[in-house]
Amino acid sequence: MLRRLATGLVVLWAAATAAYLALLAAPGDTVDAIIGDGADTPLIRAQIIQEWHLDRPAVVQYLDFLWRALHGDLGRSYLLQRPVAEVIGGQLAPTLTLASSAGVLGVVLALVLAITTRRPWARRVSSTLELVLVSTPPFLIGIILLSVFSFRLGLFPVSGGQGFASLVLPAVTLALPVAGVLTQVLRDGVDRALDEPFVVTARARGLGERAVLVRHALRHALLPAVTLIGWLFGILLGGAVIIETVFGRPGLGQVTLNAVTSEDMPVVLAVVVFSAFVYVVLNTLADLAYLIIDPRLRRS
Amino acid sequence: MISVRDLRVTFPVGRTVVEAVRGVDLDIAAGECVALVGESGSGKSVTARTLVGLAGRGATVSTSRFEIDGKDVRGYGERDWKRLRGSFAGLVLQDALVSLDPLRTVGAEIGEVLRIHKAPGDVVSLLSAVHVPEPSRRAKQYPHQLSGGLRQRALIASAIAAGPPLLIADEPTTALDVTVQAQILDLLAERRAAGETLLLISHDLAVVSRLADRVLVMKDGRVIESGDTASLLAAPAHPYTRELVRAVPSAASRGRRLSSTAVPDSVALDAEGPPEGAADSVVIRAEGLRKTYGRHTVVDGVDLVVRRGEIVGLVGESGSGKTTVAQLVFGLVPPTSGTVAFEGAPWTGLKERRRRPRRRRLQFISQDPLSAFDPRWTVRRIVGEALAGKSGAVPLLERVGLSADVLDRYPRQLSGGQRQRVAIARALAPRPSLIICDEPVSALDVSVQAQVLDLLADIRATDGTALLFISHDLGVVHHLADRVLVMRDGSVVESGPIDDVFHHPQHEYTRALLDAVPTLEVSQR
């Protein structure tokens, strides 16, 4: 476990360093890169040079950057005239709500589908559906859902980030591709587990089919699914950028998009480091989940 | 208790159907031990599982009579079968490492049976009933934390938890070491003595002869012969049964052929002993071999000599270090200390590049040739590579009893016996002076095993190729080897000429091993 933590720290350090190098490698003066599309006055330039220690040697600049990042100080956005931590923190809640509800919905949907569609015909229908969901870009799913449920039926608001009703369509849009892939992985895992001898033993005890699935096979199928947790995070974050735009929701996606298009480097740097942080945390959790699911991986 | 007439089971395979069981009649009376004997594909397991309604996915079962406890079960649906499973019959499968859910504790697995059938009793007393020491601690452990014998006992405990009158044991000791097998057989014998009914499925006639009152011999989905165990095995009427009994290797079978296949003209029959005048030409000499991994000593001071044309057996239970010895001799792993000399020249401590020209003189055959072949290579290419550009693939295949038909097949399209023959052909191609055989017949059916053992004996007799023959099966080693080394915990506890060691064992471990081997006494004439 200690090794896992150490690896996580190395990943974080590498992400921060890579982001910092990208800043240095940006065309033109580093000060210009940090200002981005913001107001360019001698006063602001002096502020930037002082904050980033641009008048000191490069090593000091770099170490200082790491030191500040370690303390959660991600610098200041000169475009928005606010500390970066505040910019991200303020928009974190809507994105977390969206990503976590989409993640939970996707996982639940996948579990239900993988267990209930065991009959050949249900399986065929579900497999086709999964394939369609996996291969459709999320924004297209979003637009279709919008036009049906908002424009035609008027069940949900078209845009905005207020209240539960505005969360439903974006969450469903993000959850569907996730459910598609996870169902495929889970079903494959269940199929393989059902071919194992312990399933014959379980059935020979008089255990019902549903119980064989839920109590025995599903747990085995979870192992490959847990591996996908890192991928899941990528889908949810990358998806959030697009989905928040499609549905006009505030959130980290909007912040990232604006920062990139207006070349607000401090915010971009912070998003990269923050993403790496969440990624490391989730993968560490996945490793813990392995140990909980499979006792064979625990060291006695 | 059970009465089945004209049992037929078919499985859909692609667009056709395969008949796994073709008209089996089976009666089991209370208190009886009945055995189904047959080789792989004979339909014995399917027959047994059909008795609890678990013939398999997509199976079609038809019978003219199917009664359990006098009740007609032919119209039974899944719900009715579910009630019978576990309460009427318990099922014990081969290897508890995979036959118990590896993600659950053995206590949870046993407790599940009690809960399903609302049976009285508790996990701990069930575990102690099958003689598991420290039952309350073991109940909290997972299958992989238990030894092979303990988890097989736990599996039996789960099968008998709901107190079923019938226990179906499908190859219950096949994956176990011989001493552990003896303990499990004792446990089953104990239950039988207590008046329990037992249906035993096995490929091993010796195991069957120890337990069963009655034997049914199955082949290709049919019962070809049945009768009480002693008289059937002593005087088998059907040619196939005779062949099976004859094929069992043992001390008594030394020097005679096990299989009834024709002997090639070029092969001499007297395969006894190494060729004359070659007695002192040493092929391989290993001295003081030691191998440690971390703090773990796997091989501890093994000395080994194999002379030209000699077959040396290396026996031991799993974990005794015999496979590591093979790897050290073959040069796959370097020893921690000790040396190996091959054909009089140093073999260990050399760079692989310098060893390579001599590699061809030293060959290896493993238990599972399927994983030792490139699955995308045809037999022609596999054998052709070993011949290194020389022609002669067909005569080589004919020597190992294969015809040119197999040349363009892939390994997975061959039967287990054919695959092992190709592996032997590949090993023979460079005319080696020594072939290391690591459990070469352990995965084979007894009649195929007999043919392969005969082939190895022939090769030694004609080519003078020496064999280092590693096996857990004392009968096989006694049949084939000239000398034997008995290994335990990384060391050789006893060695010498085979008859001396096996008939007059000096070390207590050798004695324990030999006592544990179930023997087919009726066949020793």
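General remarks:
- For peptides B:468-481, B:492-505, sequence by mean Cβ density within 10 Å, most packed first: B:468-481, B:492-505
- Of the residues B:66, A:237, B:229, the one whose Cα sits farthest towards the positive end of the charge dipole of the protein assembly as shown is A:237 (charges of +1 on Lys and Arg Cβ, -1 on Asp and Glu Cβ, taken about the Cα centre).
- Distance in nm between pseudo-label sites at residue A:1 and residue B:234 (7 Å out along the Cβ direction from Cα): 6.6
- Amide H contacts for residue B:488 (H built 1.01 Å from N in the peptide plane; partners 5 or more residues away or on another chain; cut-off under 5 Å): B:493.
- Degrees separating the helix B:178-193 axis from the principal Cα axis of chain B, which is the longest one: 20
- Taking all Cα-Cα distances within region B:370-430, those exceeding 17 Å account for 23%.
- Averaged over peptide B:135-143, the number of partner chain Cβ atoms lying within 10 Å of each residue's Cβ comes to 1.
- Each Lys and Arg Cβ is given +1 and each Asp and Glu Cβ -1; about its Cα centre, region B:370-430 then shows a dipole of about 100 debye.
- By accessible area, using a 1.4 Å probe on protein heavy atoms only, region A:1-88 has 67% of its surface on carbon and sulfur.
- Where the alpha-carbon atoms of region A:2-84 are placed on the principal axes, they occupy 48, 25, 20 Å, in descending order.
- Between region B:97-156 and region B:439-494, the Cα center-to-center distance that results, in Å: 36
- Using the Cβ-Cβ distance between residue A:188 and residue B:339 with R0 = 45 Å, the FRET efficiency computed as 1/(1 + (r/R0)^6) comes to roughly 0.35.
- Counting only Cβ charges, +1 for Lys and Arg and -1 for Asp and Glu, the dipole size of region A:92-261 around its Cα centre is about 520 debye.
- Mean-position separation - Cα centroids, region B:200-244 and region A:225-300, in angstrom: 64
- Each residue of region B:82-99 was assigned a 3J(HN,Hα) from its phi angle through the Karplus curve 6.51 cos²θ - 1.76 cosθ + 1.60 (θ = phi - 60°); the sequence is 4, 5, 6, 5, x, 9, 8, 9, x, 10, 10, 9, 4, 10, 5, 5, 10, 8 Hz, with glycine and proline shown as x.
- Simple spin-label estimate for residue A:59 and residue B:506 in nanometres, 7 Å along Cα-Cβ: 7.1
- Annotation for residue A:293 and residue A:39: the two label points, set 7 Å from Cα along the Cα-Cβ direction, are 5.4 nm apart.
- Of the residues B:48, A:272, A:87, the one whose Cα sits farthest towards the positive end of the charge dipole of the protein assembly as shown is A:87 (charges of +1 on Lys and Arg Cβ, -1 on Asp and Glu Cβ, taken about the Cα centre).
- Take each residue of peptide A:193-199, count the partner chain Cβ atoms within 10 Å of its Cβ, and average: the result is 5.
- Surface exposure of chain A, expressed per residue as accessible area with a 1.4 Å probe, stands at 50 Å².
- Surface per residue (accessible, 1.4 Å probe) for region B:370-430, Å²: 49
- All other residues whose Cβ lies under 13 angstrom from that of residue A:198 are scored, Lys and Arg at +1 and Asp and Glu at -1, for a net of +1.
- Region A:42-158 shape via C-alpha gyration tensor axes, a/c threshold 1.5: prolate
- Carbon and sulfur %, accessible surface of chain B computed with the full protein complex present, 1.4 Å: 48
- When only the Cβ of Lys, Arg, Asp and Glu is charged (+1, +1, -1, -1), the dipole of region A:2-84 relative to its Cα centre reaches about 460 debye.
- Measuring r between the beta carbons of residue B:214 and residue B:394 and using R0 = 56 Å, the FRET efficiency lands at 0.75.
- Summed buried accessible surface, chains B and A, 1.4 Å probe, nearest 100 Å²: 2200
- Counting 0.36 nm for each residue step from residue B:297 to residue B:122 and taking away their Cα separation leaves a gain of 59.0 nm.
- Using the Cβ-Cβ distance between residue A:108 and residue B:194 with R0 = 41 Å, the FRET efficiency computed as 1/(1 + (r/R0)^6) comes to roughly 0.25.
- Full-extension gain in nm, residue A:209 to residue A:285, via 0.36 nm per residue minus C-alpha separation: 24.2 nm
The values are calculated or read from the model by the stated rules, or taken from the named source; none is laboratory data. The shown structure was predicted, so the numbers you read here are calculated from the model rather than taken from an experiment. Neighbour counts run over all protein chains shown; Cβ positions are idealised from the backbone, glycine included. Surface accessibility is based on the protein's heavy atoms, side chains included, excluding ligands, DNA and RNA. Shrake-Rupley method; radii C 1.70, N 1.55, O 1.52, S 1.80 Å.
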